[in-house]
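Novice: Have a look at this one.
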Amino acid sequence: MRYLHTMLRVRNLDVALKFFEDALGLKEVDRKESEQGRFTLVFLCAPEDEHLLKQVKGRGAPLIELTYNWDEETYGEDRHFGHLAYEVDDIYATCEQLMKRGITINRPPRDGQMAFVRSPDLHSIEFLQKGAALPPQEPWLSMKNTGHW
């Protein structure tokens, strides 16, 4: 497993970037905008970690992901923190091992790519398949979401 990023929701992307880039010295290394999802994701890293992005094929790490939803949302204090993200070699095997330990898979890996669980303190943890998504398969394909993530 490899640590990827921590997602933080922001209300004003410009103000957030001024803080993280100007005040903290982090550097924007990637940006994704989704017209359909109506959000912008901005990935930042510490200057000393930038070389790590060039060493890894696929997802960069370690990063902070700023998530800006275009439509105004009210987040309680507990929803500004989004999730921790880890890349795994086999998302199905990871989820199966977690389930055997009694951990609920809140968002099953129906797409062979992404799953979410929650910690005992209700922190969301995302698992992403290393490389290309695995072919969809049962029981994951038919599994419904459980609770929130």
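The values are calculated or read from the model by the stated rules, or taken from the named source; none is laboratory data. Quantities reported herein were computed from a predicted structural model and do not represent experimental measurements. Please note: Cβ atoms are built from the backbone with ideal geometry, for glycine as well, and neighbour counts cover all protein chains shown.
Novice: Can you name the residue in segment 16-54 that is more than 17 Å from the chain's Cα centre (by Cα) and among the acidic types (Asp, Glu) and, of all such residues, is modelled with the lowest pLDDT?
Specialist: Filtering first and then ranking leaves Glu48.
Novice: Of all the residues that make up segment 3-42, how many are among the polar types (S, T, N, Q) and closer than 15 Å to Ala85 by Cβ?
Specialist: Let us first name the residues in segment 3-42 that are among the polar types (S, T, N, Q), namely 6, 12, 34, 36, 40.
Add one more test, that the residue is closer than 15 Å to Ala85 by Cβ, and what stays is 6.
Here the count works out to 1.
Novice: Could you go through segment 89-101 and let me know if any residue there is surrounded by 14 or more Cβ atoms within 10 Å (Cβ to Cβ), of a type in the set (S, T, N, Q) and more than 17 Å from Leu8 (Cβ to Cβ).
Specialist: yes
Novice: Being outside the structural domain of Phe39 (by TED's automatic domain parsing), surrounded by fewer than 17 Cβ atoms within 10 Å (Cβ to Cβ), modelled with pLDDT under 95 and at negative phi, is that true of even one residue in segment 105-119?
Specialist: Yes: segment 105-119 contains one or more residues that are outside the structural domain of Phe39 (by TED's automatic domain parsing), surrounded by fewer than 17 Cβ atoms within 10 Å (Cβ to Cβ), modelled with pLDDT under 95 and at negative phi.
Novice: Exactly one of (1) touching an Asp or Glu at 6+ places or on another chain (Cβ under 8 Å); (2) modelled with pLDDT of 90 or more is unmet by Gln97. Its number?
Specialist: Against the list (1) touching an Asp or Glu at 6+ places or on another chain (Cβ under 8 Å); (2) modelled with pLDDT of 90 or more, Gln97 comes up short only on (1).
To keep it simple, each residue is scored yes or no on (1) without any contact (Cβ under 8 Å) to a residue 12 or more places away in the chain; (2) buried (at least 17 other Cβ atoms within 10 Å of the Cβ); (3) outside the structural domain of Leu98 (by TED's automatic domain parsing); (4) touching a Leu at 6+ places or on another chain (Cβ under 6 Å).
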site	(1), (2), (3), (4)
Phe19	yes, no, yes, no
Gly25	no, no, yes, no
Ser34	yes, no, yes, no
Phe39	no, no, yes, no
Pro47	no, no, yes, no
Glu50	no, no, yes, no
Gln55	yes, no, yes, no
Gly60	no, yes, yes, yes
His83	no, yes, yes, no
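Novice: Among the residues of segment 64-76, are any exposed (fewer than 15 other Cβ atoms within 10 Å of the Cβ), at negative phi and of a type in the set (Val, Ile, Thr)?
Specialist: yes
Novice: Still on this structure, please answer the following. For segment 96-105, what are the residues that are outside any loop (DSSP other than H, G, I, E, B) and either of a type in the set (D, E, K, R) or under 8 Å from Val117 (Cβ atoms) (or both)?
Specialist: Passing the criteria: Glu96, Leu98, Lys100.
Novice: Look through Pro109, Pro120 and report the one residue that is touching a helix residue (DSSP H, G or I) at 6+ places or on another chain (Cβ under 6 Å) and part of a loop (DSSP other than H, G, I, E, B).
Specialist: After ruling out the rest, the residue left standing is Pro109.
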